[in-house]
Each structure stands twice: as C-alpha cells, then as structure tokens.
Amino acid sequence: MVRLGGCHSCHTESRNNSEPLAGGVALTTPFGTFHVPNITPDAETGIGRWSDGDFIRAMTEGISPDGRHYYPAFPYTSYTRMTRQDLMDLKAYLNTLKPVRRKTPPHELRFPYNLRAALGIWKFLFFRKGDYTPDAIKSSSWNRGAYIVTGPAHCGECHTRRNFLGATVKNDALAGTRKGPDGGRIPNITPHPKEGIGLWSARDIASFLKTGVPPFGEDVGDPMDKVITNSTSKWTDEDLQAVTEYLRSLPASTTP
C-alpha cells in the first residue's frame with residue numbers, strides 16, 4: 001500500500017539521504033510552501049502515538065489526532081475512497097519502520113491561506129467523505145483501476161487543475177494543468193489524441209508506468225520520475241493493466 005500510494009515521493013527527503021518516510025520535503029505551491037511530515041513511528045515527531053482511529057480519521061477526513069483540519073496538500077480528498085482494510089494494512093506496515101526523530105517545520109503560507117480555521121469552510125464547499133463505490137456494469141479490472149487512480153494513487157491531485165481556493169476542478173479531471181504543484185506543467189492523461197495519451201497503446205501505458213520510458217521519446221521529469229521510481233514501477237502487472245484499462249476508458253479532455 002505504501003508503494004501503491006507513492007508515500008516515499010513526498011515523505012522522503014532524498015537529496016540529503018534522509019531516512020525513508022521521515023519527512024522534510026518542501027512542497028512549493030501558489031499558496032505557499034508546505035513541509036511534508038514525518039510518518040515513521042517516532043512517538044514525538046512522527047505517528048508513533050496515533051491510534052488506528054487517529055490514522056483512519058486523518059486519511060479519510062483530513063483531521064489530525066488533536067482535532068485540527070489538514071490542508072488538502074495532504075491528499076485525504078483521494079484517500080477517503082480507500083477501504084478500511086487497505087488503510088489498516090498501510091498503518092501496520094508503517095508501524096514496523098525504524099522510528100526517526102525529525103521534527104517538521106511549520107508551513108509557510110500566504111494570507112489568507114495561513115488561516116487554518118477556514119479549512120472547515122473549504123471542506124464544506126469542496127470535500128465529500130466516502131469510500132469508492134464500484135460500478136456494477138464495469139469489469140472488476142476496470143473497478144480496480146478506478147479505485148487505484150482515484151484513491152491511493154491520487155493521480156488527480158497533480159493531473160487536475162485547481163481553482164483559486166486549491167480545490168481540484170472535477171470537470172477537468174486528469175486533463176493536466178499548466179501550473180502544477182511546483183509551478184510546472186503536469187500532462188494530460190486522458191485519451192485525448194493530441195494533448196493526452198490517446199495515441200498510446202495499452203502496452204505503452206503499462207510499460208511507461210513500469211519503466212518510465214514513454215513511447216514517443218519525451219523526457220520524464222520531476223515529479224513523475226520520482227512517482228515511477230518509488231511507486232508505479234513496483235506495482236503488480238495486474239494493477240498496471242487495471243489502471244491502463246481505466247485511463248483508456250475516460251472521456252478525452254483538452255488541457256485547460
């Protein structure tokens with residue numbers, strides 16, 4: 001589940017050879033800089049004192065153990081679709097890691113985004129808690145792909161543009177954005193023949209996610225190279241095929 005969710009890409013500061021999942025990554029956004037936390041089982045600076053209920057609530061409701069709202073830079077807006085069993089499996093693995101004492105600095109956000117209390121209003125407007133609901137007329141493989149893309153892999157959090165309040169725009173789901181989390185362009189992954197992956201075969205998509213080598217020779221830069229290295233290259237062939245099936249079934253959309 002850690003690999004399926006790509007946890008290492010955000011929670012491991014690779015440039016300083018830091019301990020895995022001990023946090024320290026600075027995520028630069030139009031709203032300011034978010035500092036990604038330590039999720040090792042350290043009792044003081046990590047999640048070592050979190051109960052199962054604390055973990056489930058954080059992942060599915062965006063609420064910390066002490067009752068604070070989390071910013072949606074933490075993609076609980078996608079994780080809310082995960083099954084309780086997958087979440088408990090994830091926590092069980094994290095509990096086995098070496099505890100690392102590493103305190104995360106506070107976020108550095110512009111006004112009014114630094115007003116954490118306003119997140120309650122943000123959630124009322126843009127967040128809907130709930131598990132993934134399978135589509136009964138689709139195949140089990142398609143549903144598995146939809147679950148991965150919209151849940152643990154949280155692909156839409158980067159590949160969908162956001163409005164001025166930081167909420168993803170559902171009508172542009174997975175159509176890419178010209179201003180991604182770090183200010184760079186994030187590609188369209190709908191089947192649009194020119195702007196997306198419409199000319200990619202099913203084998204092209206699965207192979208790219210496994211190896212990082214695109215079919216037409218484009219360079220793969222950060223952050224997708226980290227996603228492939230830390231996450232998609234470790235997925236099972238069945239999950240790669242499921243995600244491919246789901247992506248190829250989506251409506252073709254132009255990049256806004």
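Brief remarks follow.
- Subset tally (residues that are over 24 Å from residue 141 (Cβ atoms) and either surrounded by fewer than 13 Cβ atoms within 10 Å (Cβ to Cβ) or among the β-branched types (Val, Ile, Thr) (or both)) for the stretch 214-238: 8
- Leading residue by the ranking (nearest to residue 242 (Cα to Cα)) among those in the stretch 102-137 that are in contact (Cβ under 8 Å) with a residue 60 or more places away in the chain and basic (Lys, Arg): 129
- Residue check: residue 220 meets all listed conditions (1) among the aliphatic types (A, V, I, L, M); (2) modelled with pLDDT of 95 or more; (3) outside any helix (DSSP H, G or I) but one, namely (2).
Residue-wise test of (1) farther than 20 Å from residue 59 by Cα; (2) loosely packed, with under 13 Cβ neighbours inside 10 Å; (3) of a type in the set (Gly, Ala, Ser).
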| position | (1), (2), (3) |
| --- | --- |
| 90 | no, no, no |
| 98 | yes, yes, no |
| 107 | no, no, no |
| 115 | yes, yes, no |
| 169 | yes, no, no |
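- Per this entry, residue 29 is not counted among residues that are among the β-branched types (Val, Ile, Thr) and more than 17 Å from the chain's Cα centre (by Cα).
- Residue under evaluation residue 34, criteria (1) buried (at least 19 other Cβ atoms within 10 Å of the Cβ); (2) out of contact with any Pro (no Cβ under 6 Å at 6 or more places or on another chain); (3) within 20 Å of residue 87 (Cβ to Cβ), criterion not met: (3)
- Matching entry among 131, 182 (being acidic (Asp, Glu), at pLDDT below 95 and under 29 Å from residue 56 (Cβ atoms)): 131
- Residue that is modelled with the highest pLDDT, among those in the stretch 9-20 that are of a type outside the set (Ser, Thr, Tyr) and under 15 Å from the mean Cα position of the chain (by Cα): 11
- Among (1) within 22 Å of residue 2 (Cα to Cα); (2) outside the structural domain of residue 78 (by TED's automatic domain parsing) - the single one residue 175 does not satisfy: (1)
- Cβ separations smaller than 7 Å between residues 6+ apart or across chains give the following pairs from the stretch 85-96 residues that are outside any helix (DSSP H, G or I) to residues that are at pLDDT 95 or above and surrounded by 14 or more Cβ atoms within 10 Å (Cβ to Cβ): 95/41.
The values are calculated or read from the model by the stated rules, or taken from the named source; none is laboratory data. If you're wondering where the values come from, they're calculated on a predicted model, not measured in any experiment. As a convention, Cβ positions derive from the backbone with ideal geometry for all residues, glycine included, and neighbour counts pool all protein chains shown.
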